[in-house]
Amino acid sequence: MGTGNQAMIPKARGMFAKRPSSVDYEELIRRRTVPEVAALLKKHPYFRDSLATLSTTDPHRGQIEELLNMDVFNKYEALLRYDFADDGFSAYFLDECEMREILKALQMLSIGIPGGYMNQIPPYLVGKLHIDLFELAAATNFQDLLQVVRRSIYYRTLRGRFLVDPLLRDFPMTEAMMLRHYYASLFERIDRSLKGREAQAVTHLFQQEAEVYNLELIARVKAFFPNVYNNEQIHQLLIPYTHRVPKWRLEQMIEARDLPTLASLFKQSNVNIDIENLTLESLPTSGSGALFRYARRMLHLSAAPNAALACFVSLAKLIRQDVVNVIEGVRYSLEPQKIRAMLWT
């Protein structure tokens, strides 16, 4: 059964049941402007509370995306009200949020905009993380930022990166190291807090999430940056976890010399990434369908509260990404069939 309050399970299933349907997505896809999309989203029961403050006259893309991020977090917090366990697993999502905010602040510094993160602080996360977000925004150099994150699980990783790359010239490598630390810490949480089938189900969920990230990263590098990264550098950017694709097949993908070879390897592995027709817009959705189906199945079948929590948060993030893709498609006046191709639902 696992730990936590069993009331979390029907609550998670109930929230997921309110998600946008295929009919809802069709309505969104056929809107001609972003304000029209925003107006529909504000009325939808799944988003209504979180998007209440969204302007429908001149909605800013960044504002919509941040409100959608807040929507995921609000739903996560709603489920935490039913978690009375002291195992500590449920805090894993706070680690993910903390990583995301540190990376945003680091990126501002790396492109020479000290203090640029101040305008990006999400109010809903203030006081919820191990770090002070206002102190993070006040950091004007990497040394100051390192002091701010000293209470974070990412402190040692960042300290090691600064010793190797004091000016943070290789931001993708820093991001990769942060992601590696996050997943290592996450699997340690699972081993420490969960048992039996619950531990197995949650482990498979995050292994699949990491694998989707790896496959999409390989596709992105091979398609758009073929001369920027060598095979060893691609290796260093990956998260060292797999699910369906064995390590030897992943090695073949990394070593693929052209896109047709990579496309063939994807097809042999039943990976749904159309590398030959790949676009930057379609890439984020290409590997997420299987992850969505697995998380949906486990949400409906599992009797373990922590498994329900992890599956719901994963599903909520995928729904958010689909909505963002619709907004991007409408924003750039793409044909409905092209927007539809960007979605995994």
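In the range 250-270, how many are among the basic types (Lys, Arg) and assigned to a helix (DSSP H, G or I)?
1
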**Item:** Positions within the range 8-46 being in contact with a helix residue (DSSP H, G or I) (Cβ under 8 Å, 6 or more places away or on another chain) and either part of a loop (DSSP other than H, G, I, E, B) or among the small types (Gly, Ala, Ser) (or both), in sequence order
**Value:** Ala12, Arg19, Pro20, Arg30, Arg31, Arg32, Thr33, Ala38, His44, Tyr46
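Counting just the residues of the range 210-249 that are hydrophobic (A, V, I, L, M, F, W, C), without any contact (Cβ under 8 Å) to a residue 24 or more places away in the chain and in contact with a helix residue (DSSP H, G or I) (Cβ under 8 Å, 6 or more places away or on another chain), which one comes out farthest from Leu262 (Cα to Cα)? Give the steps one after another, and end with the answer.
Here is the first cut: in the range 210-249, the residues hydrophobic (A, V, I, L, M, F, W, C) are 210, 212, 215, 217-219, 221, 223-225, 228, 234, 237-239, 245, 248.
Narrowing further to those that are without any contact (Cβ under 8 Å) to a residue 24 or more places away in the chain: 217, 221, 225, 228, 234, 248.
This time we only want the ones that are in contact with a helix residue (DSSP H, G or I) (Cβ under 8 Å, 6 or more places away or on another chain), so: 217, 221, 228, 234.
Working: Leu217: 13, Val221: 11, Val228: 17, Ile234: 14 Å.
Looking at the filtered set, the residue picked out is Val228.
Tell me the helices (runs of 4 or more DSSP H) entirely within the range 59-142 that contain at least 2 residues that are under 30 Å from Glu198 (Cα atoms) and touching a helix residue (DSSP H, G or I) at 6+ places or on another chain (Cβ under 6 Å).
Once the helices (runs of 4 or more DSSP H) in the range 59-142 are filtered for at least 2 residues that are under 30 Å from Glu198 (Cα atoms) and touching a helix residue (DSSP H, G or I) at 6+ places or on another chain (Cβ under 6 Å), what remains is 61-80, 92-110.
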**Failed item, numbered, when Glu198 is tested on (1) at pLDDT 95 or above; (2) assigned to a helix (DSSP H, G or I)** = (1)
**Complete:** Note on the range 223-244: residues among the aliphatic types (A, V, I, L, M) and either in the same structural domain as Phe171 (by TED's automatic domain parsing) or more than 17 Å from the chain's Cα centre (by Cα) (or both) are Ala223, Val228, Ile234
**Prompt:** In the range 152-167, how many are farther than 17 Å from Ile239 by Cα and under 23 Å from the mean Cα position of the chain (by Cα)?
**Reply:** 4
**Fill in**
Considering the range 14-28, residues that are in contact (Cβ under 8 Å) with a residue 60 or more places away in the chain and among the hydrophobic types (A, V, I, L, M, F, W, C), and then whichever is nearest to Ile319 (Cα to Cα), we arrive at Phe16
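The values are calculated or read from the model by the stated rules, or taken from the named source; none is laboratory data. Predicted model, so just to flag it, every value in this text is computed and none were measured. Here the Cβ is made from the backbone with ideal geometry for all residues, glycine too, and neighbour counts use every protein chain on show.
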